[in-house]
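Enquirer: This structure is in structure tokens; I'll ask about it shortly.
The values are calculated or read from the model by the stated rules, or taken from the named source; none is laboratory data. As the structure is a computational prediction, the values presented were derived from the model and not from experiment. Virtual Cβ from ideal backbone geometry, glycine too; neighbours counted across all protein chains shown.
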């Protein structure tokens, strides 16, 4: 079999001397963090509304958390869950877990109690960290009471803010502070930290897991992608290798949620590896984001297309000083060309599109920061990453030259497999020429200069503003309504979010429910990103030859009915 490896592009665009076959020696996330803290102890690692946390301070907090975990009985290989927005304790909680030899499990703050409980059970999470906000703490406590989680560690938002903001928060925003119950299994962050040094834990970067990151994989059923220390550290170094500004001042806007693999790779791990500073924002607000770019003189802001559109729509944009901003990376959903062009024109910063997967620790490819960019493509693969196109019908063969094929990936950032689901992992890997390639489920083409274009998506997941929605989960909630007979959920175009979920249902023979009533009922029971724009009541839904509801046929039917 002739292996069609994509060309070597980065050497053409950069003078950083990064060879295509550059090796990324095994490196644990603890060593990555410790090296930066040793090199830049007094540098700012995090800026939270103006409160600065240095590398030395964050390492000390991580060590205190690691020792606290060990004192609580958490051992190497145990799972520690983070149910957190972008707040300063996210960093010492994750790296403290690494220091204790534990595996971090990221939980989306958008999860309902049922969703969180299911992933806690699947991962075997023993201890969870959250903050005292009404959107999170009550949900975490409910899961604590209904699961095998033995302890909940709660950070106080007010204690993380600058003094003036902290005082105002306590006095005037009491409704945004959730009461922390007095209980043996609930402890405040500061009380959990130990003053003792953590016991050293020997880590094998290639085999020991750093992160369980839940994803839909290729079937729409959430699975825990097993990411080793080497997977995460290699991807951080790969991202750093392509940055022509890597030796310059580095202040990155951290508004992409850290629980998402895109932010975990491009904002958190890459910035710590580079000794840079993360200007953290716990949620996206366009006005606040613009203020933070100007206040911190930020140099970069990874985001999803909806974020850039919101910045453009904000009336404060014309008076914002963008002169420090160099390059922004867009991911999570296709980047519309008009949006790219308008953002670049009005901000003066470069906006490039990249591509990645949870199963690849974050990033696989991106358009060049400088040089020949191809809008509408996902650019070239990162150093050390190999791509090939597989035959759409037979993944054991390469696609014919010039034809579209399923994109497959080989590189140091590719996951180890799916947590406790070897059969699912076996279905996404293919053995070719003695190497294990990851099948993405995405259909792509390759042009003569090695630029990759995604032309189709075989997965059923819906991309909502950078988040992935699994139709089967929303359908399962709809099926609980007594009036619903059948349900299908598909993504429909949305000018702001990229796609919105829309539900199509048939009703039981005696039901008289309206679509509006069903939508209101459903949206109260799913995460914010899963909320449908409408529920359409129909007489019937398209079926496959064996009688199953046919989502693909429904998508085609809806698309053909939309005005062109």
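Enquirer: Being within 18 Å of the chain's Cα centre (by Cα) and assigned to a loop (DSSP other than H, G, I, E, B), is that true of even one residue in region 178-198?
Expert: No: zero hits.
Enquirer: Could you list all residues from region 97-128 that are outside any loop (DSSP other than H, G, I, E, B), touching a residue at least 60 places away in the same chain (Cβ under 8 Å) and farther than 19 Å from residue 143 by Cα?
Expert: Correct list: 98, 99, 103.
Enquirer: Looking at region 288-343 only, could you name the residues that are part of a helix (DSSP H, G or I), farther than 23 Å from residue 464 by Cα and under 25 Å from the mean Cα position of the chain (by Cα)?
Expert: If the condition is that a residue be part of a helix (DSSP H, G or I), farther than 23 Å from residue 464 by Cα and under 25 Å from the mean Cα position of the chain (by Cα), then 291, 292, 293, 296 are the ones that fit.
Enquirer: Would you call residue 96 touching a strand residue (DSSP E or B) at 6+ places or on another chain (Cβ under 8 Å) and buried (at least 20 other Cβ atoms within 10 Å of the Cβ)?
Expert: No, not satisfied.
Enquirer: From the list 168, 100, 118, 93, which residue is modelled with pLDDT under 95 and within 25 Å of residue 278 (Cα to Cα)?
Expert: Only one candidate passes the filter, namely 168.
Enquirer: Would you point out the residue of region 151-177, among those that are within 26 Å of the chain's Cα centre (by Cα) and assigned to a loop (DSSP other than H, G, I, E, B), that is farthest from residue 113 (Cα to Cα)?
Expert: Among those that are within 26 Å of the chain's Cα centre (by Cα) and assigned to a loop (DSSP other than H, G, I, E, B), it is 161.
Enquirer: When region 245-271 is examined, which residues are found to be in contact (Cβ under 8 Å) with a residue 60 or more places away in the chain, in contact with a helix residue (DSSP H, G or I) (Cβ under 8 Å, 6 or more places away or on another chain) and more than 20 Å from residue 49 (Cβ to Cβ)?
Expert: 246, 261, 264, 265, 266, 269
Enquirer: Next question. Mind checking whether some residue in region 211-218 is over 29 Å from residue 133 (Cα atoms) and either assigned by TED's automatic domain parsing to the domain that holds residue 78 or outside any strand (DSSP E or B) (or both)?
Expert: yes
Enquirer: If we scan region 176-185, do we find a residue that is on the phi > 0 side of the Ramachandran plot, surrounded by 14 or more Cβ atoms within 10 Å (Cβ to Cβ) and touching a strand residue (DSSP E or B) at 6+ places or on another chain (Cβ under 8 Å)?
Expert: The answer is no; no qualifying residue exists.
Enquirer: For region 344-391, what are the residues that are closer than 24 Å to residue 413 by Cβ and assigned to a helix (DSSP H, G or I)?
Expert: 358, 359, 360
Enquirer: Sticking with this structure for a sec: Take region 30-50 and flag every residue that is surrounded by fewer than 17 Cβ atoms within 10 Å (Cβ to Cβ) and touching a helix residue (DSSP H, G or I) at 6+ places or on another chain (Cβ under 7 Å).
Expert: Across region 30-50, the qualifying residues are 41, 42, 43.
Enquirer: Also, quick follow-up: So, in region 442-467, of the ones that are surrounded by 18 or more Cβ atoms within 10 Å (Cβ to Cβ) and out of contact with any strand residue (DSSP E or B) (no Cβ under 7 Å at 6 or more places or on another chain), which residue ends up nearest to residue 408 (Cα to Cα)?
Expert: Taking the candidates together, the pick is 460.
Enquirer: Cβ contacts < 7 Å: first residue under 12 Å from residue 91 (Cβ atoms), restricted to region 35-46; second residue in a loop (DSSP other than H, G, I, E, B), any location; separation 6+ or different chain. Result?
Expert: Between residues of region 35-46 that are under 12 Å from residue 91 (Cβ atoms) and residues that are in a loop (DSSP other than H, G, I, E, B), the close pairs are 36/275; 46/88.
Enquirer: Residue 148 - would you say it is surrounded by fewer than 18 Cβ atoms within 10 Å (Cβ to Cβ), in contact (Cβ under 8 Å) with a residue 12 or more places away in the chain and not in a helix (DSSP H, G or I)?
Expert: In short, yes.
Enquirer: Pick from region 154-171 the residues that are touching a residue at least 40 places away in the same chain (Cβ under 8 Å) and closer than 28 Å to residue 101 by Cβ: which of them is surrounded by the fewest Cβ atoms within 10 Å (Cβ to Cβ)?
Expert: Checking each candidate, the answer is 160.
Enquirer: Filter region 512-523 for residues that are more than 18 Å from residue 476 (Cα to Cα) and out of contact with any strand residue (DSSP E or B) (no Cβ under 8 Å at 6 or more places or on another chain) and give the result.
Expert: If the condition is that a residue be more than 18 Å from residue 476 (Cα to Cα) and out of contact with any strand residue (DSSP E or B) (no Cβ under 8 Å at 6 or more places or on another chain), then 512 is the only one that fits.
Enquirer: Going by the conditions given, is residue 533 part of a loop (DSSP other than H, G, I, E, B) and without any contact (Cβ under 8 Å) to a residue 12 or more places away in the chain?
Expert: So residue 533 fails the test.
Enquirer: Take the residues in region 434-455 that are modelled with pLDDT of 90 or more and assigned to a loop (DSSP other than H, G, I, E, B), then tell me which one is farthest from residue 379 (Cα to Cα).
Expert: If we take residues in region 434-455 being modelled with pLDDT of 90 or more and assigned to a loop (DSSP other than H, G, I, E, B), then 434 is farthest from residue 379 (Cα to Cα).
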